[in-house]
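The structure appears right after this line, and notes come after that.
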Amino acid sequence: MKGSRSVEIRLLRHGQTAWSLSGRHAGRTDVPLTEEGEAAARALAPRLARRRRPVAVFSSPLSRAMRTAELAGLTDAEPDPDLLEWDYGGYEGLTAEQIRGTRPGWDLWRDGVVPGDADHPGERLQEVAARTDAVLDRIRPLLDDGDVAVVAHGHLARVLTVRWLGLDASESRLLGHPHPGTLGFLAVEDGQPVVSAWNVP
């Protein structure tokens, strides 16, 4: 990666779903976009069109992310299973309030998740970080040729961002949760990885 040129990773969180609206943890459940989510994704297209065309686009394979990519004008998005949201295990579909009803003081970043069924076995934070590291390892060489766009999920985006900065995955708690249908920009300044913008509507 050339530290002397301006490069960026455009990080999109998928648009609103019924589960994101109600605060339910949607990891591997394929929840579709709401009408508002589709509108927000379409609204990203003009902003992205004003920037250089990315040399590559990667997306979570779940429909809410792929549809966001499509509506935002990133029609050549390549599905990447490493961009799937955190597997919340037994907390899939629950709100934080519901989880704390049986586990007072629960914090995702500190306490993690409990195992679920065969479709939702659950993941440790370091397993999520290993997936984002694999994504970044694939992206970094591409930045020599231009910018890269990534369409993913809220918690996954936070982990990917702190790993871009070279921080431990637990530091993801320091980033605000990206709102559905928003952009973040990861860049390089003076050879160092930075966050140049976050939660941009």
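Filtering Gly191, Gly181 for residues that are buried (at least 19 other Cβ atoms within 10 Å of the Cβ), of a type outside the set (D, E, K, R) and on the phi > 0 side of the Ramachandran plot leaves a single hit, Gly181. Residues in the range 51-74 that are surrounded by fewer than 17 Cβ atoms within 10 Å (Cβ to Cβ), more than 21 Å from Gln16 (Cβ to Cβ) and either at pLDDT below 95 or of a type outside the set (Lys, Arg) (or both): Arg51, Arg52, Val55.
For the range 146-171, how many residues meet the condition of being assigned to a loop (DSSP other than H, G, I, E, B) and closer than 23 Å to Ala45 by Cβ?
Taking the range 146-171 and keeping what is assigned to a loop (DSSP other than H, G, I, E, B), we get 146-147, 153, 165-168.
So of that shortlist, the ones also closer than 23 Å to Ala45 by Cβ come out as 146-147, 153.
Number satisfying all stated conditions: 3.
Set side by side, the residues Asp137, Asp133 differ, and just one is more than 26 Å from Asp111 (Cα to Cα), assigned to a helix (DSSP H, G or I) and not β-branched (Val, Ile, Thr), which is Asp137. Annotation: Ala152 fulfils all but one of (1) out of contact with any Asp or Glu (no Cβ under 6 Å at 6 or more places or on another chain); (2) surrounded by fewer than 23 Cβ atoms within 10 Å (Cβ to Cβ); (3) in contact (Cβ under 8 Å) with a residue 12 or more places away in the chain; the unmet one is (2).
In a residue-by-residue description of the range 172-186, the property of being touching a residue at least 60 places away in the same chain (Cβ under 8 Å), in a helix (DSSP H, G or I) and not small (Gly, Ala, Ser) applies to at least one position.
Report, by residue number, each residue of the range 108-127 that is part of a loop (DSSP other than H, G, I, E, B), of a type outside the set (Lys, Arg) and within 19 Å of the chain's Cα centre (by Cα). Walk me through it before giving the result.
So the first thing to find is which residues in the range 108-127 are part of a loop (DSSP other than H, G, I, E, B), and the list is 112-124.
Keeping just the survivors that are of a type outside the set (Lys, Arg) gives 112-123.
Those that are part of a loop (DSSP other than H, G, I, E, B), of a type outside the set (Lys, Arg) and within 19 Å of the chain's Cα centre (by Cα): Gly112, Val113, His120, Gly122, Glu123.
For the range 108-116, check the following and say yes or no: at least one residue is within 15 Å of His153 (Cβ to Cβ), at pLDDT 95 or above and buried (at least 16 other Cβ atoms within 10 Å of the Cβ). Yes. Identify all residues within the range 165-177 that are in contact with a His (Cβ under 9 Å, 6 or more places away or on another chain) and surrounded by 16 or more Cβ atoms within 10 Å (Cβ to Cβ); write none if there are none. Passing the criteria: only Ser172.
Applying the selection to the range 75-98, what residues are buried (at least 18 other Cβ atoms within 10 Å of the Cβ), small (Gly, Ala, Ser) and more than 15 Å from the chain's Cα centre (by Cα)? Within the range 75-98, just Gly89 meets the criteria.
Gly101 satisfies every condition listed in (1) at pLDDT below 95; (2) not in a loop (DSSP other than H, G, I, E, B) except (1).
The values are calculated or read from the model by the stated rules, or taken from the named source; none is laboratory data. Given the structure is predicted, the values throughout are model-derived calculations rather than measurements. Note that each Cβ is placed from the backbone with ideal geometry, even for glycine, and that neighbours are counted across all protein chains shown.
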